[in-house]
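Step one of this worksheet: look at the structure below.
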């Protein structure tokens with residue numbers, strides 16, 4: 001299988017968990033800012049599976065910005081809806097061909113479709129959890 005270059009735009013529970021899962025076979029970068037980015041750079045990405053109790057550290061890249069020329073095979077946007085609108089211009093200006101909005105979209109997709117056109121894909125994450133002291137605690141059930 002070809003190794004894909006993937007960016008997760010958002011380093012919360014969902015972005016961190018799926019970045020960790022895909023890092024085993026792809027080149028994954030996690031976009032974070034502020035305190036979360038500082039913690040990731042100091043401690044790496046650590047995910048605890050609450051279903052099994054297993055804790056793992058993942059070797060992925062971190063960045064704090066998405067430049068227009070930063071090309072990825074896929075960008076997964078894993079922000080809360082109320083966090084998206086301020087960064088939509090940055091995502092829209094990027095040259096990557098596939099942008100997956102991996103979030104709950106109760107307000108609809110019209111604004112996103114206007115910004116991204118045919119590059120827009122959508123998905124829904126099947127996991128949940130929280131970040132405690134910089135560590136992602138995830139509960140997936142059957143995932």
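The values are calculated or read from the model by the stated rules, or taken from the named source; none is laboratory data. Because the structure is predicted, anything quoted here is derived from the model rather than measured. Positions of Cβ are backbone-derived with ideal geometry, glycine not excepted, and every protein chain shown enters the neighbour counts.
Report yes if residue 87 is within 13 Å of the chain's Cα centre (by Cα), at pLDDT below 95 and under 25 Å from residue 5 (Cβ atoms), otherwise no.
Here the answer is no, as residue 87 does not meet what is asked.
Here is a yes/no grid of residues against (1) over 22 Å from residue 91 (Cα atoms); (2) surrounded by 15 or more Cβ atoms within 10 Å (Cβ to Cβ):
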position	(1), (2)
8	no, yes
16	no, yes
21	yes, yes
27	no, yes
59	yes, no
